1. Pick from region 140-152 the residues that are charged (D, E, K, R) and touching an Asp or Glu at 6+ places or on another chain (Cβ under 9 Å): which of them is surrounded by the fewest Cβ atoms within 10 Å (Cβ to Cβ)?
2. Mind listing whichever residues of region 113-131 are of a type in the set (S, T, N, Q), in a loop (DSSP other than H, G, I, E, B) and closer than 23 Å to residue 158 by Cα?
3. State whether the residues of region 116-139 include one that is surrounded by fewer than 18 Cβ atoms within 10 Å (Cβ to Cβ), acidic (Asp, Glu) and farther than 28 Å from residue 44 by Cβ.
4. If I go through region 81-112 residue by residue, how many of them are within 24 Å of residue 163 (Cα to Cα) and assigned to a strand (DSSP E or B)?
5. Residues of region 132-149 being in a loop (DSSP other than H, G, I, E, B) and within 18 Å of residue 109 (Cβ to Cβ), which ones?
6. Among the residues of region 117-140, which ones are of a type in the set (D, E, K, R), over 15 Å from residue 38 (Cα atoms) and more than 11 Å from the chain's Cα centre (by Cα)?
7. Taking region 89-116 as the search range and keeping residues that are out of contact with any Phe, Trp or Tyr (no Cβ under 9 Å at 6 or more places or on another chain) and of a type in the set (A, V, I, L, M), which one is farthest from residue 37 (Cα to Cα)?
8. Residues of region 58-80 being part of a strand (DSSP E or B) and of a type in the set (D, E, K, R), which ones?
Amino acid sequence: MDGTIEERLRRLEDRIELQNLMLRYFIGCDDDNYEDLARVFADDAEYADGTGPAEIVGILRESRSQMGATIHTPDYMLIEFADADHASAVVGAHCELARGGTTVFGAARYLPQCVRAPQGWRIWRMERQWFHVGPWDQVGTSLTADLRVRWPDEPPEAAELPVKS
C-alpha cells in the first residue's frame with residue numbers, strides 16, 4: 001500500500017464510510033425513511049431515472065408504495081478509488097420483498113459511483129442489475145430459467161447479469 005500513514009488511514013476511513021453509505025441506502029429503503037435516503041445522494045445524483053435527491057427519492061417512494069416489507073442484505077462490497085474524492089463499488093445483495101401479495105426473492109448487483117461532498121461521501125450515479133428475482137415458489141428455477149426476472153403480475157424478463165449455463 002502506497003502513501004503516507006495519514007493517506008492510508010484516510011483511505012481506510014473512506015472505505016468504512018462508503019460501506020456505511022450503502023447500508024444507509026438499504027436501511028432507508030427497508031424502513032421507508034425518505035429523509036435518510038435523500039442524504040445518501042449527491043446534489044446532482046442520477047438513479048432510477050431521476051436526477052437529484054428529491055426526484056430520486058420521489059421515484060423510490062412511488063416504487064415502495066407497491067411493496068410491503070423489504071429486506072436488503074448486502075453480501076459483499078468491492079470498492080475502487082479513482083482518486084481521493086471519487087470511488088466506485090460493486091455491491092452484491094439479496095433482496096426479499098413483499099409485492100403483489102407474495103414474497104419475492106432475488107439477487108442483484110448495485111453499482112454506485114460515489115463522490116466526496118462537503119457532508120461526506122455521497123452516491124453520484126448508481127445502477128442496479130438483477131441476477132434473478134421472483135416469487136418464493138419459483139426460486140427453485142430462478143437461476144436456471146431463460147427469463148430470470150419475474151415480478152408478480154408482470155411478464156418475465158431477461159436478467160441484466162448472466163449466469164453460467
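1. Looking only at region 140-152, we keep the residues that are charged (D, E, K, R), and these are 146, 148, 150.
So of that shortlist, the ones also touching an Asp or Glu at 6+ places or on another chain (Cβ under 9 Å) come out as 148, 150.
Details: 148: 25, 150: 20.
Filtering first and then ranking leaves 150.
2. Taking region 113-131 and keeping what is of a type in the set (S, T, N, Q), we get 113, 119, 129.
Then drop every residue that is not in a loop (DSSP other than H, G, I, E, B), which leaves 119.
Passing the criteria: none in range.
3. Scanning region 116-139, I find at least one residue that is surrounded by fewer than 18 Cβ atoms within 10 Å (Cβ to Cβ), acidic (Asp, Glu) and farther than 28 Å from residue 44 by Cβ, so the answer is yes.
4. Residues of region 81-112 that are within 24 Å of residue 163 (Cα to Cα), as a first pass: 88-97, 103-112.
With assigned to a strand (DSSP E or B) added as a condition, the list becomes 88-97, 103-110.
Qualifying residue count, region 81-112: 18.
5. If we filter region 132-149 for residues that are in a loop (DSSP other than H, G, I, E, B), which is where we start, we get 142-148.
Matches in region 132-149: 142, 143, 148.
6. Taking region 117-140 and keeping what is of a type in the set (D, E, K, R), we get 122, 125, 127-128, 137.
Keeping just the survivors that are over 15 Å from residue 38 (Cα atoms) gives 127-128, 137.
Listed by number, the list holds a single entry, 137.
7. Pass one, region 89-116, residues out of contact with any Phe, Trp or Tyr (no Cβ under 9 Å at 6 or more places or on another chain): 98, 101, 111, 116.
In the following step, the residues that additionally are of a type in the set (A, V, I, L, M) were identified as 98, 111.
On the way: 98: 20, 111: 17 Å.
Among residues in region 89-116 that are out of contact with any Phe, Trp or Tyr (no Cβ under 9 Å at 6 or more places or on another chain) and of a type in the set (A, V, I, L, M), the one farthest from residue 37 (Cα to Cα) is 98.
8. Just the residues of region 58-80 that are part of a strand (DSSP E or B), to begin with: 67-80.
Across region 58-80, the qualifying residues are 75, 80.
None of the figures in this text is laboratory data; all of them are computed from the coordinates on show. Being a predicted model, the structure only gives us computed values, none of them experimental. Counting neighbours? That spans all protein chains shown, and the Cβs are built from the backbone with ideal geometry, glycine included.
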